[in-house]
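So the structure is just underneath, and the comments pick up after that.
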Amino acid sequence: GLVLGEQGSYSRILNPRFTPVTHESLPAKAAPGQLTAAEIMAARVLTGQIPSQKYAILGHNIAYSVSPQMQGSAFEAVRLPHVYTRADVATVEEFVEGPIWNDDNFGGCSVTIPHKQNIIPHVDVLTDAAKEIGSVNTVIVKKDKFGTRVLIGDNTDWKGIFNPLRRKLGDDSGKKGSNGMALILGGGGTARAAAYAASKLGLERIYFNRTPEKAMDLAKEFGGIVAHSLDNDAESKDSLGAILAEHQGSLEVVISTLPAAADFTLPEWVLASSALPIVFDVNYKPYSTALLLQAMEKGCDVVRGSEMLWEQGVGQFELWTGRTAPYGVMKKVVLENCLPKSK
């Protein structure tokens, strides 16, 4: 409960929920004793009500990662005293046997290449999304009713794909009779997240990968069709053109999970339609890949990997803290680190 007036200020710091606050920008407090959210958070940190927790990004060869800057700035923006570092290790075992994972104040971690599958045996519970996608990019630490630590494996990669596409497609994607289709390029873990996101958007899936077996695995697990070529060849039933014609479908989205170094571009005929697809490239460095440059030149709407990065990061932050993420702060930090530097 709250004690009113100036003498009740400390009760506002102790009160865990629905504490009325003022704001620095207001000319005056609405009531005596009111504090700003920043003042309350600072006092809670000083009095030990909010202990500092340790977070990290787990991966290998991840010096390029923007996640420490993004999550660190997010914690700072909401006045949380948490620390977010890089854990660059060749094996998952090095991390789970190390000091961060075993610290009493370990709050969770992001997981990136090449550890998204190998981390699974080390968590206690998998969410439905992590089970279906078959990989974990987020570990959350909770306590059960006995105070025992429970490690939860989740996946927010799919939200990093789903959220931007939902904004661009609106609410009409995947409705019955629309025959909207998504072409998913690649066959790795991010392609699995893309397939999951496309299914949630109600889009039919077409998979293409230079190793057809991987594309077939995706079709088997998530539903959809495998294209053996991206040609517009009516004579070949397995070509992209023949599949679109047979299903009388429109290509609404292209999602590339291929490495940026592949310099992949689409066949010209795919972008020659009057109804151009949205082109999504999951790479956030470089800011504009060869595929995105081609798509923008043809007039396509595009989604960059930088947007996926902050969207999945927002999901992680909210899972860890139970708080609304400072979306604008996280977006700003990602763009500052991903936008080409002016010469």
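The values are calculated or read from the model by the stated rules, or taken from the named source; none is laboratory data. The shown structure was predicted, so the numbers you read here are calculated from the model rather than taken from an experiment. In this analysis, Cβ positions are derived from the backbone assuming ideal geometry, glycine residues included, and neighbour counts consider all displayed protein chains. Side chains are part of the model used for accessible areas, which takes the heavy atoms of the whole protein and leaves out ligands, DNA and RNA. Shrake-Rupley method; radii C 1.70, N 1.55, O 1.52, S 1.80 Å.
Backbone phi angles across region 183-200, fed through the Karplus curve with coefficients 6.51, -1.76 and 1.60 (θ = phi - 60°), yield HN-Hα couplings of 9, 10, 9, x, x, x, x, 6, 5, 5, 5, 5, 5, 5, 5, 4, 5, 5 Hz in residue order; Gly and Pro are listed as x. Neighbours of Pro267 by Cβ distance under 11 Å: Lys/Arg scored +1, Asp/Glu scored -1, total -3.
What is region 208-268 by shape, rounded, prolate or oblate, if you read a ≥ b ≥ c off the alpha carbon gyration tensor as root eigenvalues and call it rounded for a/c under 1.5, prolate for a/b larger than b/c, and oblate otherwise?
Because a/c hits 1.5 or more and a/b fails to exceed b/c, region 208-268 counts as oblate.
Within the chain, antiparallel bridges make up roughly 20 percent of the DSSP beta bridges whose residues both belong there.
For the chain, list log₁₀ I(q)/I(0) at each q in 0.06, 0.12, 0.15 Å⁻¹, using the Debye formula over Cα point scatterers of equal strength and ignoring solvent, two decimals each. Summing over Cα pairs of the chain leads to -0.27, -0.91, -1.23.
The C-alpha atoms of the chain define a longest principal axis, and helix 305-321 lies at about 40 degrees to it. Considering helices alone, the calculated mean residue ellipticity of the chain at 222 nm is -10000 deg cm²/dmol, with DSSP H runs of length four and up weighted by -39500 (n - 2.57) and normalised per residue. Put a plus charge on the Cβ of each Lys and Arg, a minus charge on the Cβ of each Asp and Glu, and nothing anywhere else: the dipole of the chain about its Cα centre is then about 1080 debye. Farthest toward the positive end of the dipole of region 110-151, out of Asn137, Thr148, Thr112, is the Cα of Thr148, where the dipole comes from beta carbon charges about the Cα centre.
Could you state the accessible area per residue of the chain in Å², with a 1.4 Å probe and every protein chain left in place? The partial results should precede the final answer.
Values: 16820 Å² over 343 residues.
For the chain, the per-residue accessible area is 49 Å².
Taking all protein chains in place and a 1.4 Å probe, what share, in percent, of the accessible surface of the chain do carbon and sulfur account for? C and S atoms contribute 52 percent here.
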